[in-house]
Amino acid sequence: QVQLVESGGDLVQPGGSLRLSCTASESIFSLYVMGWYRQAPGLQRELVATITSGGRTTYGDSVKGRFTISGDIAKRTVYLQMNSLKPEDTAVYYCHAGKFGFDYWGQGTQVTVSS
């Protein structure tokens, strides 16, 4: 059982930046993939960004060029750097990890972009 703990969600003005963190209960190198998804009220959960144990990254179309995912193996932590935030980025952001065909989710952290 992999446990994921997110932090960093906050209220930020449009154009601002935030960094989300997700710390895993085991080495992130042992996890095939980690990533971030988000869900806004009334909408389906959508992909934000993922990173594999080999360092390969993917991004959702709506965040390309603004968000960056990275990992720190020593800290067992994956980060999501979010720049040029827009009101439509407002959502609960969930950390995800995949290992041996199983999916693990964090509890979510709220990001609100508003003036």
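The values are calculated or read from the model by the stated rules, or taken from the named source; none is laboratory data. What you see is a predicted model; the values in this text were computed from it and never measured. FYI the Cβ positions are ideal-geometry reconstructions off the backbone, even for glycines, and counts take in every protein chain you see. What goes into the accessible areas is simple: the full protein's heavy atoms, side chains included, and nothing from ligands, DNA or RNA. Shrake-Rupley method; radii C 1.70, N 1.55, O 1.52, S 1.80 Å.
If the chain linking Thr52 and Thr112 were pulled fully straight, counting 0.36 nm for each residue of separation and taking away their Cα-Cα distance, it would gain 18.9 nm. Using only alpha carbon pairs under 8 Å that are at least six residues apart, calculate the relative contact order of the chain and give it in whole percent. Normalised by residue count, the contact order of the chain is 37 percent. Surface exposure of the range 1-111, expressed per residue as accessible area with a 1.4 Å probe, stands at 54 Å².
Each label point was placed 7 Å from the Cα along the Cα-to-Cβ direction; for Phe100 and Ser7 their separation is 2.9 nm. Across the chain, the longest run free of exposed loop sites, meaning trypsin sites (Lys or Arg not before Pro) lying outside DSSP classes H, G, I, E and B with no more than 16 other Cβ atoms within 10 Å, spans 1-44.
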